[in-house]
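Down below is the structure, laid out as structure tokens.
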Amino acid sequence: MKKKILFVVTSHDKKGNTGKPTGFYLSEVAHPWEILHNAGYEIDFVSPKGGKPPVDGFDLEDPINKKFWENTEYKNKLEHTMKPSEVDPGKYIAIFYAGGHGTMWDFADNTELAKIAANIYESNGVVSAVCHGPAGLVNVKLGNGKYLIEGKKINAFTNEEENAVGLSETVPFLLEQKLIERGAKFEKSGLWQVHVVTDQRVVTGQNPTSATEVGKAILQEIQKLKILQETESK
């Protein structure tokens with residue numbers, strides 16, 4: 001049976017104490033979904049609380065967002081996300097953490113999600129994230145006790161971008177700073193530039209504009225694994 005890809009979205013719907021709504025960022029789900037779905041991969045959804053997640057960046061003038069949102073099968077999957085306890089990591093070749101500011105409040109400390117990511121990675125799978133999604137990677141530890149991102153090139157929403165949107169004082173931590181604290185070799189480009197980095201089966205992208213390229217990079221990594229497996233089985 002062909003392994004699937006697991007998308008992680010936030011359950012958190014408020015930007016700190018501002019009262020302003022947030023959630024997962026629609027294009028950061030839809031754009032990688034289109035690349036991976038078109039390549040023939042089935043995608044499942046999980047969120048910290050399960051059920052229907054809050055959505056942000058709701059722009060149906062973007063044709064890819066519209067295509068995703070109007071896909072009955074996937075709209076249904078998205079509105080009934082699994083809880084982490086319902087996930088069997090063995091079914092997935094890759095995990096992808098979508099961004100949106102909500103992730104800053106409920107990804108980092110979710111130990112169940114961290115274990116799922118570590119399991120997929122240590123089963124020779126791909127771990128990936130975009131924008132604020134790498135908040136899900138800050139506390140992922142491997143069997144050897146080290147952080148997954150330690151010593152790896154990693155990219156995410158930058159301190160400068162957080163300043164630019166005026167939320168540096170609102171988010172519980174600065175993502176770039178936390179990733180560096182965990183031993184990541186943080187790479188970045190200027191504000192809102194496309195930037196994606198791949199290092200040892202970990203794929204990360206900087207911001208919403210990077211979402212399509214993250215999808216392509218995930219697919220590339222999966223294809224490399226397939227070639228490797230085919231070579232080994234000969």
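Looking at this structure, is Gly99 under 22 Å from Glu176 (Cα atoms) and either crowded, with 18+ Cβ neighbours inside 10 Å or modelled with pLDDT under 95 (or both)?
Values: under 22 Å from Glu176 (Cα atoms): yes; either crowded, with 18+ Cβ neighbours inside 10 Å or modelled with pLDDT under 95 (or both): yes.
Yes; evaluated as a whole, the condition is true for this residue.
This table checks each residue for (1) open to solvent by 50 Å² or more (accessible area, probe 1.4 Å); (2) within 16 Å of the chain's Cα centre (by Cα); (3) within 20 Å of Lys3 (Cα to Cα).
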| site | (1), (2), (3) |
| --- | --- |
| Ile120 | no, yes, yes |
| Val126 | no, yes, yes |
| Pro134 | no, yes, no |
| Leu137 | no, yes, no |
| Val140 | no, yes, no |
| Asn144 | yes, no, no |
| Leu148 | no, yes, no |
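Going through the stretch 79-95 one residue at a time, which ones are surrounded by 16 or more Cβ atoms within 10 Å (Cβ to Cβ) and either modelled with pLDDT under 95 or more than 18 Å from His12 (Cβ to Cβ) (or both)? Break it down into steps so the answer makes sense when it comes.
From the stretch 79-95, those surrounded by 16 or more Cβ atoms within 10 Å (Cβ to Cβ) are 81-82, 84, 87, 89, 92-95; that's our starting set.
Within the stretch 79-95, Val87, Pro89, Tyr92, Ile93, Ala94, Ile95 qualify.
Does Lys178 satisfy the condition of being closer than 19 Å to Ala98 by Cβ, touching a residue at least 40 places away in the same chain (Cβ under 8 Å) and surrounded by fewer than 19 Cβ atoms within 10 Å (Cβ to Cβ)? Spelling it out, it is not the case that Lys178 is closer than 19 Å to Ala98 by Cβ, touching a residue at least 40 places away in the same chain (Cβ under 8 Å) and surrounded by fewer than 19 Cβ atoms within 10 Å (Cβ to Cβ).
Give Leu219, Leu225 a once-over and let me know the one that is within 28 Å of Ile64 (Cβ to Cβ) and modelled with pLDDT of 95 or more.
Details: Leu225 fails: modelled with pLDDT of 95 or more.
Criteria check complete, one pass: Leu219.
Of everything listed in (1) of a type in the set (A, V, I, L, M, F, W, C); (2) open to solvent by 30 Å² or more (accessible area, probe 1.4 Å); (3) more than 27 Å from Asn38 (Cβ to Cβ), the single unmet condition for Leu60 is (3). Based on this model, can you work out whether Lys49 counts as at pLDDT 95 or above and surrounded by 13 or more Cβ atoms within 10 Å (Cβ to Cβ)? Here the answer is yes, as Lys49 does meet what is asked. Among the criteria (1) surrounded by fewer than 20 Cβ atoms within 10 Å (Cβ to Cβ); (2) over 30 Å from Ser168 (Cβ atoms); (3) not charged (D, E, K, R), the one Thr111 does not fulfil is (2). Listed conditions (1) within 19 Å of Tyr121 (Cα to Cα); (2) open to solvent by less than 60 Å² (accessible area, probe 1.4 Å) are all met by Gln229, apart from (2). In the stretch 136-234, counting only helices (runs of 4 or more DSSP H) that sit wholly within it, the ones holding 2 or more residues that are of a type in the set (Val, Ile, Thr) span 211-233.
Having 3 or more residues that are out of contact with any Lys or Arg (no Cβ under 9 Å at 6 or more places or on another chain) and touching a residue at least 12 places away in the same chain (Cβ under 8 Å) is the bar; report the helices (runs of 4 or more DSSP H) wholly within the stretch 26-128 that clear it. Break it down stepwise before answering.
Numbers: elements: 26-38, 63-69, 72-79, 103-106, 111-122.
Correct list: 26-38, 63-69, 111-122.
The values are calculated or read from the model by the stated rules, or taken from the named source; none is laboratory data. Model, not experiment: these values are computed from the prediction. In this analysis, Cβ positions are derived from the backbone assuming ideal geometry, glycine residues included, and neighbour counts consider all displayed protein chains. The protein model used for the area step is the full one, side chains on, heavy atoms only, and it has no ligands, DNA or RNA in it. Shrake-Rupley method; radii C 1.70, N 1.55, O 1.52, S 1.80 Å.
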